[in-house]
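Undergrad: Here you go, one structure.
The values are calculated or read from the model by the stated rules, or taken from the named source; none is laboratory data. Keep in mind that what you see is a predicted model, and the values were worked out from it rather than measured. Ideal geometry is used to build each Cβ from the backbone, glycine not excepted, and the neighbour counts take in all protein chains shown.
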Amino acid sequence: MAEYIQAWQCIGCGRIEAPQPCIGVCRDRKVLFIGKDEHEAALAEIARLRAQLRSAASRLQRFGLAAPRPGQWEPAYAALRDQARVLIAELNAALEADSGDKAAAAGLGVSPA
């Protein structure tokens, strides 16, 4: 987990200060901060997306490992195709839920064949 720095933010102008011992060579510089709640929400979203990627990768690995028996390639292909369509639908649904817009899923280029 990230280390948090406690600081004071002015409710009027938004100025942020964090107590720190001065050694006499201070210079102010502009820095960007993000609130703890927003940071933790982003970390949770990253964890959720990584889990989704792990699931998709393990399910897609079946294509690389598939070796149908002689004369059985058509049923094996059909089964893999159906599983791929289910996975694509799940990924597109997740994209739509995240963005609230179907264009994002289409922009990824994920479409059933």
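Undergrad: Could we say that Ala93 is at pLDDT 80 or above and either in contact with a Ser or Thr (Cβ under 7 Å, 6 or more places away or on another chain) or surrounded by 10 or more Cβ atoms within 10 Å (Cβ to Cβ) (or both) here? Give the derivation first.
TA: On the way: at pLDDT 80 or above: yes; either in contact with a Ser or Thr (Cβ under 7 Å, 6 or more places away or on another chain) or surrounded by 10 or more Cβ atoms within 10 Å (Cβ to Cβ) (or both): yes.
Yes: the conditions hold for Ala93.
Undergrad: Looking only at residues that are of a type in the set (Lys, Arg) and exposed (fewer than 11 other Cβ atoms within 10 Å of the Cβ) in segment 54-71, which one is farthest from Gln83 (Cα to Cα)?
TA: Arg69
Undergrad: Still on this structure: Under 9 Å by Cβ, and 6 or more places apart or on different chains, what pairs join a residue from segment 65-82 that is in a loop (DSSP other than H, G, I, E, B) with one that is surrounded by 12 or more Cβ atoms within 10 Å (Cβ to Cβ) and aromatic (Phe, Trp, Tyr)?
TA: Final answer for the pair search is Ala66/Tyr77; Pro68/Tyr77.
Undergrad: While we're on this one: Got a number for residues in segment 1-20 being touching a Phe, Trp or Tyr at 6+ places or on another chain (Cβ under 9 Å) and part of a loop (DSSP other than H, G, I, E, B)?
TA: We begin by selecting, within segment 1-20, every residue touching a Phe, Trp or Tyr at 6+ places or on another chain (Cβ under 9 Å); these are 5, 7, 9, 15-19.
With the extra rule that they be part of a loop (DSSP other than H, G, I, E, B), the set shrinks to 5, 7, 15, 18-19.
Final tally of qualifying residues: 5.
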